[in-house]
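In what follows, a structure is listed as structure tokens, so that the remarks can point back to it.
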Amino acid sequence: MVATITVLTIATAAALAVAWGIVFLSLGFHSCSAPGNRCDETLGGVVVYAGPVVVALIVVLAVVVSVLRLVRRRMAWPIAVTGLVAVVAVFFAALLLVDSAVTLGI
């Protein structure tokens, strides 16, 4: 139970940092006005707006499933760790998508 609560607390803090990090990825689109640069602003907008929502859904789902397993006296820390790994994976997926949306020329 202690491990589950600890990992869920870390996952929640990481999710907050990741959500803000995804929002700050929108700063990469400031170079779109430079000559030779091309940007897919639609893809970037979807990533920047949907990324934090996906992160929040992952954390809420991990907390709910973990609490349900703890109430049933089952081991729940693997669910919490999976949620934490999923949050980090969403950040790196968002980073790759935003990076592919901005093409630097010259």
Just one of the numbered conditions (1) farther than 14 Å from VAL7 by Cα; (2) open to solvent by less than 50 Å² (accessible area, probe 1.4 Å) is not true of ARG72; which one? (2)
Which one of these does SER66 not meet: (1) in a helix (DSSP H, G or I); (2) open to solvent by 50 Å² or more (accessible area, probe 1.4 Å); (3) farther than 30 Å from SER100 by Cα; (4) not hydrophobic (A, V, I, L, M, F, W, C)? (2)
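Could you list all residues from the stretch 1-23 that are open to solvent by 40 Å² or more (accessible area, probe 1.4 Å) and not β-branched (Val, Ile, Thr)?
Of everything in the stretch 1-23, those that are open to solvent by 40 Å² or more (accessible area, probe 1.4 Å) and not β-branched (Val, Ile, Thr) turn out to be MET1, ALA3, ALA13, LEU16, ALA17, TRP20.
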Within the stretch 24-46, track down each residue that is open to solvent by less than 50 Å² (accessible area, probe 1.4 Å), part of a helix (DSSP H, G or I) and either at pLDDT below 85 or farther than 16 Å from VAL88 by Cβ (or both). SER26, GLY28, PHE29, SER31, CYS32, GLY44, GLY45
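The values are calculated or read from the model by the stated rules, or taken from the named source; none is laboratory data. Because the structure is predicted, anything quoted here is derived from the model rather than measured. All Cβ positions, even for glycine, are placed from backbone atoms using ideal geometry, and neighbour counts span all protein chains on display. Note: areas computed on protein heavy atoms with side chains; ligands, DNA, RNA excluded. Shrake-Rupley method; radii C 1.70, N 1.55, O 1.52, S 1.80 Å.
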